[in-house]
Amino acid sequence: MTPNLDRLATPDTRRGFFDSVYTALAGIGLTHLFSADAGLSRAAAASSAPSSGSGRTHYPAKAARVLQIFCPGAASHIDLWEHKPELEKLDGRPLPGEEQFVSFQGKNGPLMKSPWPFVPAGESGKKMSSMLPHMSRHVDDIAFIHSMTSRTNTHGPGCVFMNTGHVTEGFPSAGSWVSYALGSANDNLPTYVAIPDIRGEPPNGKANWSNGFLPARHQAVTMSSQQPIRNLARPRSVSADEDARARDLLTFLNTRHAQQNPGNTELAARIAACELAARMQMSAPEVSDLSAESDSIHRMYGTDDPNRLKAAYARNCLLARRLLERGVRYVNLYCASRASGVDGLLNWDAHKTLKSDYERHCPVFDQPTAALLTDLKRSGLLEDTLVLWTTEFGRMPTRQEGTTGRDHNPDGFTCWMMGAGIRGGTSYGATDAFGRRAEQDVTTVWDFYATVLHLLGFDHTRLTWYHNGLDRRLTDVHGHRIEAILA
């Protein structure tokens, strides 16, 4: 874009001249900042060119956007989603065949039934924990996957694995892959947004929404109702006209510099990020203005609940809906955060006192999440929005020795999908009679995301990025679609 030459003309006064010089220095500084990127050769740029990612799908898509709700801390499948009658019958007895089993934090004690009854819900009669009365109303729209498995029993790598398909950091998150594959549906908002909980970031923090080796523009922008995006407002000392003149000059300098360094994806991403930030000065305050919502909506979500944590999460749920309806492609919504010195205080990691921990977490999660799903459904957004509920792994059917909590269990847990292209009211796979191990239709994270990409219109084996001599993909070298949950 060529700047408006009239606006950049030499000022009439000495004071105006020095004012314009001062403004122009910002562009010169930015050019110097980008100079380190200028050495990227065309050959190197060509070697990193994508083999997909044009924005065109491989086949017609059922979903246009994704909402991923993540409960860090390993939310217990056998206390929330998967009913185990045998666990109730044999409560207090040793786990058959694994009486001396040592898991993540040590030796396990006897079997421990869920502290709360499971009750039938919906027309399907699916049994769910009585601690989730609001979520139970959506059971007929959900496809439960009860046979998920993980490759790690540690929270940080587990969260990263669930979000990226790789245990180690440095790989793109699912949201980044979708951003790369589909591109933006609203040029004034980010393509990918992560909404951390008021209690903090999840284990391993920003690695959960990293762009990895994909271009930098595909990393999530973090925002939440309690922490709007920073540095969007124009400084009071800068007038609107001065700000516009500076942007014109920066656009001119950036465009010329980019033309001199073709193929430099990092440079292009940084320029795009600056331009997006300028556009978001208008769009971001509007999308995060929850006061525009009716009182009935606020009551439905629980944004004014006396429980501070519930109210904060409810506001984030409402923000998530507003982002989705304005064209954001992928929203990561977190309910809980990192581990703490007191087990189960900040997230679902209930090692010692499961009952009191989940009586704290379930009310925070239940009503706001159910309200968000209700809102998506009645507005019609659910028809082409894919909703995912995930956690990093499950929990043991036994109590930890000397406690009334459960240890980590990567061998079997539950995730679920809902919305675009999903056959609701279904349960796929199962763990054994006690919830210890996935036993029927064992499912991996790669299968999960192969299915997600399929619903977005992509063959997961063909959505790749060339990196370090390999065509990398979200599903690594694994993954099969879970056909049974597809409508």
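What follows draws every value from the coordinates through simple rules; no lab data is involved. Owing to the predicted nature of the structure, the values given are computational and were not obtained by experimental measurement. Positions of Cβ are generated from backbone atoms using ideal geometry, with glycine treated the same way; all protein chains shown enter the neighbour counts.
Structure summary
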read-out	value
Charge dipole of the stretch 45-177 about the Cα centre (unit charges at C-beta), most positive-ward option of TRP81, THR57, GLY156	THR57
Enclosed volume per residue, in Å³, of the convex hull spanned by Cα atoms of the stretch 58-133	201
Inter-label distance, nm, simple model (7 Å from Cα along the C-beta direction), GLN259/PHE104	5.5
Full-extension gain in nm, GLU401 to ASP459, via 0.36 nm per residue minus C-alpha separation	16.3 nm
Cα gyration tensor shape of the stretch 350-411, rounded if a/c is under 1.5, else prolate or oblate by comparing a/b with b/c	oblate
Three-way shape call for the stretch 432-474 based on the alpha-carbon gyration tensor, with the a/c threshold at 1.5	oblate
Charge sum, other residues only, whose C-beta stays under 14 Å from ARG338's C-beta, Lys/Arg counted +1 and Asp/Glu -1	-3
Pairwise label distance in nanometres, SER124 with LEU486, each label 7 Å out on the Cα-Cβ vector	1.8
Inter-label distance, nm, simple model (7 Å from Cα along the C-beta direction), SER296/LYS89	4.8
When each of LYS89/LYS310; LYS84/LYS352; LYS107/LYS355; LYS84/LYS206 is checked by Cα-Cα distance, pairs over 24 Å	LYS89/LYS310; LYS84/LYS206
Cα-centre dipole for the stretch 280-413 with unit charges at Cβ (Lys and Arg positive, Asp and Glu negative), debye to 20	120
Theoretical gain in end-to-end length, ALA433 to PHE213 [0.36 nm per residue, Cα-Cα removed]	75.0 nm
Difference of contour (0.36 nm per residue) and Cα-Cα distance, VAL167 to ARG308	47.4 nm
Mean Cβ count within 10 Å, highest first, over the residues of peptides 173-184, 139-150, 295-306, 455-466	173-184, 139-150, 455-466, 295-306
Set of the stretch 127-164 residues, backbone N closer than 11 Å to the point 7 Å along the Cα-Cβ line of VAL442	149-150
Kirkwood hydrodynamic radius of the stretch 291-348, Cα pairs, Å	12.8
Nearby aspartates and glutamates by direct alpha-carbon distance to LYS62 (threshold 17 angstrom, same-chain neighbours under 8 apart not counted)	ASP141, GLU325, GLU383, ASP384, ASP459, GLU483
Positive-end extreme of charge dipole, the stretch 357-487 - chosen from GLN400, LEU373, ILE485 (charges on Cβ)	LEU373
For the stretch 126-221, size of Cβ-based charge dipole, Lys and Arg +1, Asp and Glu -1, in debye	220
Charge sum, other residues only, whose C-beta stays under 13 Å from TYR449's C-beta, Lys/Arg counted +1 and Asp/Glu -1	-1
Neighbour net charge for GLU99 - beta-carbon separation under 14 angstrom, K R +1, D E -1	+2
